[in-house]
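Working notes, structure below.
The values are calculated or read from the model by the stated rules, or taken from the named source; none is laboratory data. Quick caveat: nothing in here was measured; it's all calculated off a predicted structure. Every residue, glycine among them, receives a Cβ derived from its backbone with ideal geometry; neighbour counts consider all protein chains shown. SASA here: full protein model, heavy atoms, side chains in, ligands and nucleic acids out. Shrake-Rupley method; radii C 1.70, N 1.55, O 1.52, S 1.80 Å.
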Amino acid sequence: ARQVPGKHTIGSAQLDFQVALLTHRTGIRLEHVGYRGGAPAMTDAISGQVDMVYALVPVLLPAVRNGDLIALGVTGAERSPVLPNVQTFREVSEPNAVSGSWYGIFVPAGTPRQIIERLATATRAFTEDRDVAAAFTEIGVEPRGSTPDDLGRVLRDLTTEYRILFHELGPSTPSMQ
């Protein structure tokens, strides 16, 4: 991809900014093809309509496991437990090519703190349940509970980081058009 900038295509669903971030941090120029879902992007990668696909591990894992796709790398800070032999981009000499996806549970503004704490406690108990954690891990999701304050810090840190990156990437970033 570095030898022929812009020649290779990468499909993704709703991850335009993540692809822009990856290409910016690695210096590799790829032609992005947007999809409405990870499964169609994966299908087109398998059939050769696009050269590669950038999607969540749980979406791609079945195709990797059955040999339809080859995992080139993961963008997380650490290797995926379900793909332990697949290097991170950080390990492959791209120290800044780290990004990831996570899920959060949100409630309307003004929700009483006691309700927020009760929901947070129940959510942590759910993600820490051995059977639930095993089921999530099997499909490539790493269950981690946190506190509302932890989630707030994550959101503030990401907002700051993404503002800086939006400035660096400029108006040509696909997600900004």
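Screening VAL132, VAL154 for residues that are surrounded by 12 or more Cβ atoms within 10 Å (Cβ to Cβ), part of a helix (DSSP H, G or I) and modelled with pLDDT of 90 or more leaves exactly one candidate, VAL132. If you go through segment 32-52 one residue at a time, do you hit one that is open to solvent by 60 Å² or more (accessible area, probe 1.4 Å), closer than 29 Å to ILE164 by Cα and touching a Leu at 6+ places or on another chain (Cβ under 9 Å)? Within segment 32-52, none of the residues are open to solvent by 60 Å² or more (accessible area, probe 1.4 Å), closer than 29 Å to ILE164 by Cα and touching a Leu at 6+ places or on another chain (Cβ under 9 Å).
Is it the case, given these coordinates, that ALA97 is modelled with pLDDT of 90 or more, surrounded by 14 or more Cβ atoms within 10 Å (Cβ to Cβ), touching a Leu at 6+ places or on another chain (Cβ under 9 Å) and more than 21 Å from SER146 (Cβ to Cβ)? So ALA97 does not fit the description; no. Residue count for segment 53-84 satisfying the condition of being farther than 15 Å from HIS8 by Cα and open to solvent by 40 Å² or more (accessible area, probe 1.4 Å): 14. Scanning segment 135-148 for residues that are open to solvent by less than 80 Å² (accessible area, probe 1.4 Å) and assigned to a helix (DSSP H, G or I) gives ALA135, PHE136, THR137, PRO148. With respect to (1) of a type in the set (Lys, Arg); (2) surrounded by 14 or more Cβ atoms within 10 Å (Cβ to Cβ); (3) without any contact (Cβ under 8 Å) to a residue 12 or more places away in the chain, the lone exception for ARG29 is condition (3).
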